[in-house]
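Chemist: I'd like to ask you about the structure that follows.
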């Protein structure tokens, strides 16, 4: 059966809630770092499902593992034991240094769980009123009510107010303001080591140290939102480790299942000890299919060379992008780490995204003027070169149009 893009769009317009502004392309097949649309056209994928397909598309080992699991047993609920939660949790603990994992279905759910666990910690300690959160301007934690409450952009928050309160947003370039924001009413600070949706902005060393020092001084819990930065994306197991943090809680998602929906909240033992049976739950969270996929991905990351590969190709991508910046005045700055990179432009990034797609390259626009790249962790140096060569031509065309 063949179906056209127009057919798909027509059916969606009648039956699918219109919350997404989709680009005019429909994909039906993938292989590694490549995607193929309904017409069979090939694209280099430097979006990877927004940092999700960490092992690339149609990874044969992952496909075999989830096919076998689907043919054996998909789901039994958290009323019963099964083997894969413990396997995945053990690997996450080894990577993070945090003792416990709560499995859910997405990074947003992981952030939601971390916020709940932070409040539960203080409740169990008998500290009344320590319920507030401090978050970072430009940060994005998700779209459920709790995660949305600590997401900065009012475009996302305003239609759904009132949200969870109190939340104080602090300028990421104001360490002293961060220190002042922590009070006896603050349950936790939540921050991304690199703000992804906010434009691929790493926290400055001064701000990272201020967060760590202030949390240590006041006893405030630190939630590291590593949904985008974690699990090898930047060349570290968790980017918290690169900036000197020892978080009490870490949220993960995206890369964890390499396309199978799964997330996790990771907890230190001192926080875990304050959580009781029934405090949180998820019908689907930690099901056999999801945690088997997670365990497979973590094995590839830890034991099969994926993390070491990122440490090799990440700097190669950075070198190529910095060379682009020297060649193209439209580029203001190259930011990020490992295989999480952003090009800030002097103009809106939308024409770059559209023209790149037309030329067979998928990149993503965020924060209006940033071209974001989150390729599969398995991308090769040769694929990076081919993709950046396309981007080079696209930027030249955009600059010519600007100066025409």
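Since every read-out is calculated from the coordinates, none of them should be taken as a lab result. Since this is a predicted model, take the numbers as computed values, not measurements. All Cβ positions, even for glycine, are placed from backbone atoms using ideal geometry, and neighbour counts span all protein chains on display.
Chemist: How big is the equivalent ellipsoid of segment 1-156 along its three axes, where each semi-axis is √(5λ) from the Cα gyration tensor, reported in whole Å from largest to smallest?
Modeler: 35, 25, 16
Chemist: Related question: I'd like the distance between the alpha-carbon centres of segment 252-266 and segment 187-246, rounded to an integer number of Å.
Modeler: 18
Chemist: In whole angstrom, how long is each semi-axis of the equivalent ellipsoid of segment 270-404, when you take the square root of 5 times every eigenvalue of its Cα gyration tensor and sort them from largest down?
Modeler: Over the Cα atoms of segment 270-404, the ellipsoid semi-axes are 37, 19, 14 Å.
Chemist: Å³ per residue of the Cα convex hull, for segment 172-274? Please list the in-between numbers first.
Modeler: Values: hull volume 11.2 nm³, N = 103.
Taking only Cα atoms, segment 172-274 has a hull volume of 109 Å³ per residue.
Chemist: Continuing with the same structure: Measure of size requested: the Rg and Dmax of segment 264-346, with Cα atoms as the atom set and Å as the unit; please supply both.
Modeler: Answer for segment 264-346, Rg first and Dmax second: 20.0, 58 Å.
Chemist: Viscosity 1.567 mPa s, temperature 4 °C: Stokes-Einstein D of segment 150-225 from its Kirkwood Cα radius, in µm² per second? Present the calculation step by step, with values, prior to reporting the outcome.
Modeler: Details: Rh = 13.2 Å.
Translational diffusion coefficient: 98 µm²/s.
Chemist: For helix 288-303, report the angle its Cα long axis makes with the longest principal axis of the Cα atoms of the chain; keep it between 0 and 90° and round to the nearest 10°.
Modeler: It is inclined by approximately 80 degrees.
Chemist: Between segment 108-126 and segment 355-404, what is the separation of their alpha carbon centroids in Å?
Modeler: For segment 108-126 versus segment 355-404, the Cα centre distance is 40 Å.
Chemist: Provide, as a two-decimal number, the C-alpha radius of gyration of segment 332-386 over 2.2 N^0.38 Å, N being how many residues it has. Each step should come with its number before you reach the end.
Modeler: Numbers: Rg = 11.3 Å, N = 55, 2.2 N^0.38 = 10.1 Å.
In units of the globular-protein estimate, segment 332-386 measures up at 1.12.
Chemist: For helix 84-96, report the angle its Cα long axis makes with the longest principal axis of the Cα atoms of the chain; keep it between 0 and 90° and round to the nearest 10°.
Modeler: 90
Chemist: I'd like the per residue volume of the convex hull spanned by the Cα atoms of the chain, given in cubic angstrom.
Modeler: Spread over its residues, the Cα hull of the chain gives 154 Å³ apiece.
Chemist: Using only the Cα atoms of segment 73-303, what are the Rg and Dmax in Å?
Modeler: 16.6, 53
Chemist: So, one more: If you look at just the Cα atoms of segment 224-278, how large are its Rg and its Dmax in Å?
Modeler: 12.3, 36
Chemist: In addition: No solvent, one uniform scatterer per C-alpha: report log10 I(q)/I(0) for segment 107-237 via the Debye equation at q = 0.18 1/Å, two decimals.
Modeler: -0.97
Chemist: For the chain, find the longest principal axis of its Cα atoms and tell me its angle to the long axis of helix 306-327, 0 to 90°, nearest 10.
Modeler: With rounding to tens, the tilt is 60 degrees.
Chemist: Show me the ranking of peptides 268-277, 185-194 by mean Cβ neighbours inside 10 Å, starting with the highest.
Modeler: My ranking of the peptides, most packed first, is 185-194, 268-277.
Chemist: Right, another one. Given segment 44-97 reduced to its alpha-carbon atoms as identical point scatterers, what log10 I(q)/I(0) does the Debye formula return at q = 0.18, 0.31 Å⁻¹?
Modeler: Here the Debye-derived log intensity ratios amount to -0.90, -1.07.
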